[in-house]
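J.: Let me give you the structure first, and then I'll get to my questions.
The values are calculated or read from the model by the stated rules, or taken from the named source; none is laboratory data. Not measured: the values here are computed from a predicted model. Backbone-built Cβ (ideal geometry, glycine too); neighbour counts: all protein chains shown. We work out accessible area using only protein heavy atoms, side chains counted, and drop any ligands, DNA or RNA first. Shrake-Rupley method; radii C 1.70, N 1.55, O 1.52, S 1.80 Å.
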Protein chains: 2
Amino acid sequence: MGAMSQSKRAELIRRALDLFYRNGFHATGMDLVARETGVSKTAIYKHFRTKEDLILATLRLRDETFRNWLLRRMADLAETPEGQLLALFDALAEWFAQDSFRGCLFIKASAEYQDADHPINREALAHKRLLLDHFADLAAQAGFADPRALAAQILILKEGAIVLAAMSHSAAAARDAKRAAGQLLTSAARI
Amino acid sequence: MGAMSQSKRAELIRRALDLFYRNGFHATGMDLVARETGVSKTAIYKHFRTKEDLILATLRLRDETFRNWLLRRMADLAETPEGQLLALFDALAEWFAQDSFRGCLFIKASAEYQDADHPINREALAHKRLLLDHFADLAAQAGFADPRALAAQILILKEGAIVLAAMSHSAAAARDAKRAAGQLLTSAARI
DNA sequence: GAAAACAGTTACTGATCGGTTAATGTAATG
DNA sequence: CATTACATTAACCGATCAGTAACTGTTTTC
């Protein structure tokens, strides 16, 4: 096993991710993936036992790249932990404004494979939990009395903004969510 | 046109809605719809030109029944307009706790048909706008200075809570969102 | 009661679904 | 140079996709 080089495999996952993100999972057939990546179906199935395995690989790639991008952008936009929690929504606004923005891949994956014990749903949930943990870290560093609760509220605002931005094809939700987050941060109890 | 009785047609839409809600749109074939409803495919296509038309009919039914249910539940749970905006999240908690809960049909529809000008996405967006309008009405009645902005924030909390509840198969997000909404309401400017 | 008009069925269309088989090309090993 | 091992391909599998054609009843209308 391990026919194609590591870089070709990575490129396959990268292109499959793009197809799934733009067209959806069920709506994207493996024949299309083969055609668009230039990798024959048989070669794909040498490295991924099933379509589901390929989807999981794209989700893992997306988790890494997106979370990397978001956390770095938050850190670049603000100095303090509290400022970073607010800057989250500025980063989201930038994302929403991109032509390629089509909502959250994990929300879409979870919507199409929603069973609690489905590996795809589990992968999506894991991504959200990692974000939640990071928000909770920032909230703890900022000295809030209940960092987990505050992080949960921030995450809810983030997911709601993404869903509405994707549906309305507008970045306005990022601004609304930021104002809400600002009020939550200023009125939350501190240690 | 108009072969089957009005009640049979309504029953077909009702069952198709259930199938789409549980399995997804692309993942639910018209053969399955025919099998599960007991209505032959030809009979279905006598009344719905395409699968997309059937989907739109299920979305319109869902908009009517769900919005009716939610608004009535909010009104039953609280006396004042401000109380209703908070009770929204108690109603959501009840919904999340149901075995049949599988997220928001409109979010799922928009995720699978996300083009801005796609009729399915437009229908989903229309549903959210109607909810936004109602929240804004309540906020105006409650005497808030910027009812539209507050309504937008409430809507973001609602959508975020739904997405996270569906993904995590837990009703906890309703409680977190309610606490956030409570803080927003108490700190928002009034006329 | 004849004749349109219509609701309903089964059986089918070509295309595509996820996935595999059998064969070919190619590179490394003895 | 022969052979083993492996990467890759075209062609194919049965099932299912959305949608339709041809046909059979049942009403409605005159």
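J.: Carbon and sulfur: what percent of chain A's accessible surface (1.4 Å probe)?
T.: The value for chain A is 49 percent carbon and sulfur by accessible area.
J.: A:His169: accessible area at probe 1.4 Å, nearest 10 Å²?
T.: 100
J.: Can you quote the Å³ per residue value for the convex hull of the Cα atoms in the range A:1-48, rounded to an integer?
T.: Measuring per residue, one finds 62 Å³ for the Cα hull of the range A:1-48.
J.: Which percent of Cα pairs goes in each bin when the distances of the range B:95-191 are cut into 5 angstrom slices starting at zero?
T.: 2, 13, 19, 19, 19, 15, 9, 3, 0
J.: Still on this structure: How far, in nm to one decimal, is B:Leu130 from itself in the other copies if the label point is set 7 angstrom along Cα toward Cβ? Shortest first, please.
T.: 3.9
J.: Same structure again: For the pairing of chain A with chain B, what total accessible surface becomes buried, with a 1.4 angstrom probe, in square angstrom to the nearest 100?
T.: That pair hides around 3300 Å² of surface in total.
J.: For the protein assembly as shown, what does the accessible surface come to per residue with a 1.4 Å probe? Please give it in Å².
T.: Accessible area per residue, the protein assembly as shown: 45 Å².
J.: Per residue, what volume in Å³ does the Cα convex hull of chain A take up?
T.: 124
J.: Translational diffusion coefficient of the range A:19-81 at 10 °C, 1.306 mPa s, Stokes-Einstein with Kirkwood Rh over Cα pairs, in µm²/s as a whole number.
T.: 117
J.: A further question follows. Using the Cα centre of chain A as origin and beta-carbon charges of +1 (Lys, Arg) and -1 (Asp, Glu), tell me which of A:Gly38, A:Gln84, A:Met167 is placed farthest towards the positive end of the dipole.
T.: Farthest along the dipole direction, towards plus: A:Gly38.
J.: Given R₀ = 35 Å, what would the calculated FRET efficiency be for A:Ala145 paired with B:Arg190, taking r from the Cβ atoms and rounding to 0.05?
T.: Step by step, r from the Cβ atoms, then E = 0.85.
J.: Over 20 Å intervals from 0, what percent of Cα-Cα pairs in the protein assembly as shown sits in each interval?
T.: 27, 56, 17, 1
J.: Any idea what the B:Leu32 label distances to the other copies are, label 7 Å down the Cα→Cβ vector, nm, shortest first?
T.: Copy-to-copy label distances at B:Leu32, shortest first: 1.8 nm.
J.: Using a basic spin-label model with each label point 7 Å from the Cα along Cα→Cβ, how many nm lie between A:Asn23 and A:Ala97?
T.: Here the answer is 3.1 nm between the modelled labels.
J.: Amide H neighbours of A:Ser170 under 5 Å, at least 5 residues apart or on other chains, H built in the peptide plane: list them.
T.: Amide H to amide H, under 5 Å and 5 or more residues apart or across chains, A:Ser170 pairs with nothing.
J.: Beyond a 25 Å Cα-Cα separation, which of these cross-linked pairs lie in this structure: A:Lys46/A:Lys108; A:Lys8/A:Lys158; A:Lys8/A:Lys41; A:Lys51/B:Lys41; A:Lys8/A:Lys51; A:Lys178/B:Lys158?
T.: A:Lys46/A:Lys108; A:Lys8/A:Lys158; A:Lys51/B:Lys41
J.: Let me ask something additional. Would you calculate a helix-derived [θ] at 222 nm for chain A, using -39,500 (n - 2.57) for each DSSP H run of n ≥ 4 and dividing by the full residue count, to the nearest 500?
T.: Taken over chain A, the calculation gives -25500 deg cm²/dmol.
J.: Hey, if we sort B:Glu159, A:Glu123 by accessible area with the 1.4 Å probe, largest down, what's the order?
T.: Final ranking, largest accessible area leading: A:Glu123, B:Glu159.
J.: Give the relative contact order (percent, whole number) for the range A:1-132; include only Cα pairs under 8 Å separated by 6+ residues. Before the final figure, lay out the partial values.
T.: Values: 86 pairs, mean separation 32.6, N = 132.
Relative contact order for the range A:1-132 comes out at 25 percent.
J.: Further question on the same structure: Put the label 7 Å from Cα along Cα→Cβ for A:Arg190; what are its distances to the other copies, in nanometres, shortest first?
T.: Taking the point 7 Å beyond Cα along Cα→Cβ, the inter-copy spacings are 2.7 nm.
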